[in-house]
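**Student:** Here you go, one structure.
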Amino acid sequence: MGFLPTRGDYVRVAEETVSGAPTVKYKISAARDGARTDGFAWIGADNIVRRMQLTASLPNNVTVLIKFDVTKLVVGPVDPALLDVAIPSDFKKTDQ
């Protein structure tokens, strides 16, 4: 699974239908640089995340709730012209 954390844990917990699509529900958790994330992700056989519910506990007692549901998804060919993006002349690549 390309989406699931590489620095954390995930466990398959159920199979559920989300917005009409069959998915696998995973419990996920990860910790890095003083932050911790726990929650669930529902991923379809096409490797598209259909739903996510996460709680991120950040340093300085900041907690963020992240929730989304994909409800209107169209899968199909993409016009190549939409992917033709000019790179600004002052662009500088950085390593993060």
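**Student:** Just need a number here: residues in the stretch 55-66 that are surrounded by 12 or more Cβ atoms within 10 Å (Cβ to Cβ) and modelled with pLDDT of 95 or more.
**Tutor:** Number of matching residues: 1.
**Student:** Name the single residue that is farthest from Val11 (Cα to Cα) among those in the stretch 26-38 being surrounded by fewer than 17 Cβ atoms within 10 Å (Cβ to Cβ) and not acidic (Asp, Glu). If you could, list the steps in order and put the result at the bottom.
**Tutor:** Restricting attention to the stretch 26-38, the residues satisfying the condition of being surrounded by fewer than 17 Cβ atoms within 10 Å (Cβ to Cβ) are 27, 29, 31-36, 38.
Adding the requirement that they be not acidic (Asp, Glu) leaves 27, 29, 31-32, 34-36.
Working: Lys27: 5, Ser29: 9, Ala31: 16, Arg32: 19, Gly34: 22, Ala35: 20, Arg36: 17 Å.
My answer is Gly34.
Quick grid of which residues meet (1) assigned to a strand (DSSP E or B); (2) among the β-branched types (Val, Ile, Thr); (3) under 19 Å from Ser29 (Cα atoms):
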{"position": "Ile43", "(1), (2), (3)": "yes, yes, yes"}
{"position": "Asp46", "(1), (2), (3)": "no, no, no"}
{"position": "Gln53", "(1), (2), (3)": "yes, no, yes"}
{"position": "Ala56", "(1), (2), (3)": "yes, no, yes"}
{"position": "Ile66", "(1), (2), (3)": "yes, yes, yes"}
{"position": "Pro77", "(1), (2), (3)": "no, no, no"}
{"position": "Ala86", "(1), (2), (3)": "no, no, no"}
{"position": "Phe91", "(1), (2), (3)": "no, no, no"}
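Every residue, every condition in (1) loosely packed, with under 14 Cβ neighbours inside 10 Å; (2) among the small types (Gly, Ala, Ser); (3) in contact (Cβ under 8 Å) with a residue 24 or more places away in the chain, yes or no:
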{"residue": "Val13", "(1), (2), (3)": "yes, no, yes"}
{"residue": "Thr17", "(1), (2), (3)": "yes, no, no"}
{"residue": "Gly20", "(1), (2), (3)": "yes, yes, no"}
{"residue": "Val24", "(1), (2), (3)": "no, no, no"}
{"residue": "Ile48", "(1), (2), (3)": "no, no, yes"}
{"residue": "Phe68", "(1), (2), (3)": "yes, no, no"}
{"residue": "Thr71", "(1), (2), (3)": "yes, no, yes"}
{"residue": "Val78", "(1), (2), (3)": "yes, no, no"}
{"residue": "Asp95", "(1), (2), (3)": "yes, no, no"}
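The values are calculated or read from the model by the stated rules, or taken from the named source; none is laboratory data. The model shown is predicted, which means the values in this text are computed figures rather than measured ones. So basically every Cβ, Gly included, is an ideal-geometry build from the backbone, and we count neighbours across all protein chains shown.
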